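Down below is the structure, laid out as structure tokens.
Read-outs: derived from the displayed coordinates by stated rules, not from any lab. All figures in this text were calculated on a predicted structure; none of them were measured in a lab. Cβ placement follows ideal geometry from the backbone for every residue including glycine, while neighbour counts extend to all protein chains displayed.
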Amino acid sequence: MSAQIYIGLMSGTSLDSIDAVAVRFEPSFELIAFHSEPIPQAIDDKIRAMFTPGDNEIEQLGRLDLELGELFASAANKLIKYHSLNPDQIAAIGSHGQTIRHRPDAQFTLQIGDPNSVAELTGITTVADFRRRDMAAGGQGAPLVPAFHNALFRHTDTNRILVNIRGMANLTILEADPTKPILGYDTGPGNVLMDSWIQRHLQKSYDADGRWASSGKVVPELLNKLLALPFFSEAPPKSTGREQFNNHWIEQILSSLTSKPQPEDVQATLLELTAITIADAINSHQLDDLQIYLCGGGSHNRQLRARLASLLQPHYLGDTSELGLDPDWVEAAAFAWLAYRSLNRESGNVPQVTGAKGFRPLGAIYWGQ
């Protein structure tokens, strides 16, 4: 399978778009093409409706699974068309799907976006459902990107930490000593709370550059109550999702405050929550000569980056563009890599990250034409 192309498709908890990349892994990593497919508002609304229990869920789930499968296929086909790729050179598509539930406490996770439809509409072998094999082996099924981070970004001259900030935030700890294990875990919310809050109050999908947050002031009482959540003090392996971090959780805590803060002050506090929980996790590892690189949509939030830079002094803070891969495409590339590993019958998880009993090949294969 040398020099073959792999496509990665990723839609995260932030619901901003479907990211599609075409990459090669042999003889070395190469990003060939990329495309971002917007999620139509009608489908966005249906996804958000699935995040909480409701009526007729099985019917809604079945229909949405097919709609998302068609949308994922469209993203892959547009990537191929716009960049004049030869489908015969594409070995496989790695499709993460859209997470609807992630319940590691119950050994249960669900990603939809019918891979049968992706394989049928593209004619290309599709690998999907990456998380559940790790869960079957006793793991949390997340985070899965640390194995890819290790393959692409580890360096024997310096300690590095990769921070993936999408809906949730997770770390990958890559020590310079090659005998040290890969570590990684979710730190808590990335963009998810900020996105949900600004959507509710300003009808915007995200807070560009953290401008709304920077117009407010951090509310200490609110911040302290948010930080009291036991998840933040739990030892890894750990992962989380919208089941914990959502507007309902924020409202519960707001109702317990002595006075109700202004919406922009809540936004400022939510940004501070993301910054502090990421920085506290990084600082807990007490690594010297540390370089920290951001990826994911949160890497573009200037206010968040400024707070992280302050909290992480004197460590170097940059993003993965400095390592040769734009921060917007890292996670999609990771699922292309997981498909590559699956077709080569190689493991895709890291047991010390997810808590699984051992290394496992990940993903179910849906053959193309």
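How big is D for region 145-323, in µm² s⁻¹ as a whole number, if Stokes-Einstein is applied with the Kirkwood radius of its Cα pairs at 37 °C and 0.692 mPa s?
197 µm²/s
Run the simple label-point estimate for ARG302 and SER74 please: 7 Å along Cα→C-beta, distance reported in nm.
3.3 nm
Going 7 Å from the Cα of THR52 along its beta-carbon direction, which residues of region 223-254 have the amide nitrogen within less than 20 Å of the resulting point?
226, 241-254
Put +1 on the Cβ of each Lys and Arg and -1 on the Cβ of each Asp and Glu in the chain; which of ILE278, ALA213, LEU308 then has its Cα farthest toward the positive end of the dipole?
In the chain, that residue is ILE278.
Which lysines have a Cα lying under 25 Å from the Cα of LYS260, excluding residues fewer than 8 positions away in the same chain?
LYS204, LYS217, LYS225
Given an 8 Å cut-off on Cα distances and at least 6 residues of separation, report the relative contact order of region 145-323 as a percent.
After rounding, I find 28 percent.
How far is helix 302-311 tilted off the main Cα axis of the chain, in degrees rounded to 10, range 0 to 90?
70 degrees
Return the calculated 222 nm mean residue ellipticity for the chain, to the nearest 500 deg cm²/dmol, obtained by summing -39500 (n - 2.57) across DSSP H runs with n ≥ 4 and dividing by the residue count.
Estimated from H runs of four or more residues: -11500 deg cm²/dmol.
Please enumerate, by chain and number, the aspartates and glutamates with C-alpha under 16 Å from the C-alpha of LYS238, excluding those fewer than 8 residues away in the same chain.
Leaving aside aspartates and glutamates fewer than 8 places away in the same chain, those within reach of LYS238 are ASP105, ASP134, ASP186, ASP280.
Helix 41-50 sits at what angle to the longest principal axis of the chain, using alpha carbons and giving 0 to 90 degrees rounded to 10?
70 degrees
For the chain, what is the percent of antiparallel DSSP beta bridges, rounded to the nearest 5?
DSSP beta bridges in the chain are roughly 65 percent antiparallel.
Quick one: compute the contact order of the chain, relative version, from alpha carbon pairs under 8 angstrom and 6+ residues apart, as a percent.
Here the relative contact order equals 22 percent.
Is any residue of region 130-148 close enough, with backbone N under 11 Å, to a label point placed 7 angstrom from the Cα of LYS357 along the Cα-Cβ axis, and if so, which?
It comes to 136-139, nothing else.
Counting pairs of alpha carbon atoms under 8 Å apart in space and at least six apart in sequence, what relative contact order in percent does region 28-104 give?
Answer for region 28-104 is 39 percent.
Under a plain spin-label model, where a point goes 7 Å from the Cα along Cα-to-Cβ, how far apart in nm are LEU227 and THR156?
Going by the 7 Å Cα→Cβ label model, 4.0 nm.
Using a 7 Å offset from the Cα along the Cα-to-Cβ direction at both GLN244 and SER310, what is the distance between the two label points in nm, to one decimal?
2.6 nm
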